[in-house]
Amino acid sequence: MSPHAPSMLIADDSSLQLNHAVELCVQCGCQVIWQAMNGEEVLSLLQTLPEKPDILLTDLEMPGMDGVELLRHMAESNQFMPIIFMSSTDEQVLHTVEAAAAAYGFPVLGTLQKPMKLEGLERALERFHMLNRPPMSAPPPIDEGDLRRALERGEFVPWFQPKVTTRSGLFQSAEVLARWQHPEHGMIAPVYFIGLLEQAGLIGRMTEQIMTQAIREARQLYARGLRFGLAVNISAENLPEAGFAERIKQLLAQESFPPAQMTLEITESGVMADLARSLGALARLRMAGVGISIDDYGTGNATLQQLMRTPCSELKIDRSFVNGASRRPQLRTLLESTVDMAHRLKLSVVAEGVEDAEDWKLVQELGVELVQGFFVARPMPAESIHEWVRNRHEWLHLWGKIQNL
């Protein structure tokens, strides 16, 4: 199937709802659509169809085998595919089913309240298209020698994902993300090498290499009139290392980069690896003027006590609490309370995972300072930032006109 016209398998015991779902899928450009009235029919079709559907759109409450039981049977028979749920059941139940599906290994594109609306289905299909964009290269097996050679040759390169202010929408900083520019296999995503670098004890060397390159590329953009901060992820393996804080301070001094323009992103669980050493390193870095951000907040093992004793200047809320919160009352409540707590603690807030205008409007309404996500920008090499900023200004001008209509 074309990426613009996924094939659909739709399951609902109500003929009225089933026909409505088919009609909406046709409006979205879907041309191949199969139908089922319950979970048993879905399983039967999956065994006999000439090709596997791209997406399963299923009701939860069906007689016989319901949507929850269907998930279990599909997982047991290795029938994995992206799923969209449709239901009129309780919001918390829907969230629990989504979590169960994700735990099984199903990509969940969204949950649509009945009666389904076209814009909701369009959002879910857009997530499918993002999920199926051409991936970066999956390399052959990597050993420690490959990693050491890559470090020696400078093959690890920084990419940048912009963060913008909710107040003006303008570019303010960028998260630095590692990529491996392999001479034979092309661009390799970090999922294939970060864990291996940690196991080999090389993650610190790679991080400092990437940070140095990012600073130099940022300074080149500074010379062209752009001014923005950088945020770099720090592995839990490096934070408690003796001399870690001093190396970072020396690096910033050698590159003449203002500490106030650098933020180190650490995970909640990362601080716990060696509490005393980690807190000591963070304290020294904060005293030097470096920003400290708690990354992926809400998904780790943090306690309020841990949050209080970590000298952080910023809280970065995980995407799982941001994306879709405008449509989920419970998620919105959690997001609101987290933002309010952070502000009461005098911390700035970054929301990651902002993927559509509704997410943007909500975090703006809640007073979140910075936003990161596909609605703003995808990660990019340094040479693309200047053009992106120019296009961003044009987009903001048009967006302002639309909002004033």
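Hey, with R₀ at 45 Å, roughly what FRET efficiency would Leu396 and Ala253 work out to, going by the Cβ-Cβ distance, to 0.05? Numbers along the way, then the final one.
Values: r = 36 Å, r/R0 = 0.80.
It comes to 0.80.
Distance between the 7 Å Cα→Cβ label points at Gln47 and Leu334: 3.8 nm. When the chain is treated as a GNM with alpha-carbon contacts under 10 Å, the residue of Val157, Val22, Val354 showing the greatest mean-square fluctuation is Val22. Applying a 4.7 Å cutoff between beta carbons, the unpaired cysteines of the chain are Cys28, Cys312. Backbone geometry of the range 71-82 corresponds, through the Karplus equation with coefficients 6.51, -1.76 and 1.60 at θ = phi - 60°, to 3J(HN,Hα) couplings of 4, 4, 5, 5, 5, 5, 9, 6, 9, 8, 6, x Hz, x marking Gly and Pro.
For the pair Arg205 and Ser313, label points projected 7 Å from Cα toward Cβ lie 3.1 nm apart.
Could you tell me what percent of the DSSP beta bridges with both partners in the chain are antiparallel, to the nearest 5?
Details: 15 of 56 bridges.
Close to 25 percent.
Taking label points 7 Å from Cα along the Cα-to-Cβ direction, Leu196 and Leu304 give a separation of 4.5 nm.
Among all the lysines, which ones have a C-alpha under 21 Å from Lys361's C-alpha, if same-chain residues fewer than 8 places away are not counted? Lys361 reaches Lys117, Lys163, Lys316, Lys401. Compute the signed sum of charges (Lys and Arg +1, Asp and Glu -1) over the other residues within less than 9 Å, Cβ to Cβ, of Ser293. Around Ser293, the charge tally is -2. Note on Glu241 and Glu119: with the Förster distance fixed at 51 Å, the Cβ-Cβ geometry gives a FRET efficiency of about 0.55. What shape does the range 144-403 have by the C-alpha gyration tensor, where a ≥ b ≥ c are the square roots of the eigenvalues, rounded means a/c under 1.5, and otherwise prolate means a/b greater than b/c and oblate the rest? Oblate, because a/c is 1.5 or more while a/b does not exceed b/c. Between Trp159, Trp34, Trp395, the residue with the greatest mean-square fluctuation in the GNM of the chain (Cα pairs under 10 Å linked by springs) is Trp395. Fewest-first ordering of Asp340, Asp13, Asp359 by other beta carbons within 10 Å of each residue's beta carbon gives Asp340, Asp13, Asp359. Give me the angle, in degrees from 0 to 90, between the Cα long axis of helix 144-153 and the longest principal axis of the Cα atoms of the chain, rounded to the nearest 10. Taking Cα atoms only, the helix is inclined about 60 degrees. Comparing Ala281, Ala178, Ala75, which has the greatest mean-square fluctuation in the GNM of the chain with Cα pairs linked when under 10 Å apart? The residue that fluctuates most here is Ala75. Taking 16 Å as the cut-off, no amide N atom of the range 142-179 comes nearer than this to a point 7 Å along the Cα-to-beta-carbon line of Lys361.
The HN-Hα couplings worked out from phi for the range 246-252 by the Karplus form 6.51 cos²θ - 1.76 cosθ + 1.60 (θ = phi - 60°) are 5, 5, 5, 4, 5, 4, 4 Hz, whole numbers, x standing for Gly and Pro.
Laboratory data are not the source of any read-out in this text; all were calculated from the coordinates shown. Please read all numbers here as calculations on a predicted model, not as lab measurements. Methodologically, a virtual Cβ is constructed for each residue, glycine included, from the backbone with ideal geometry; neighbour enumeration extends over all protein chains shown.
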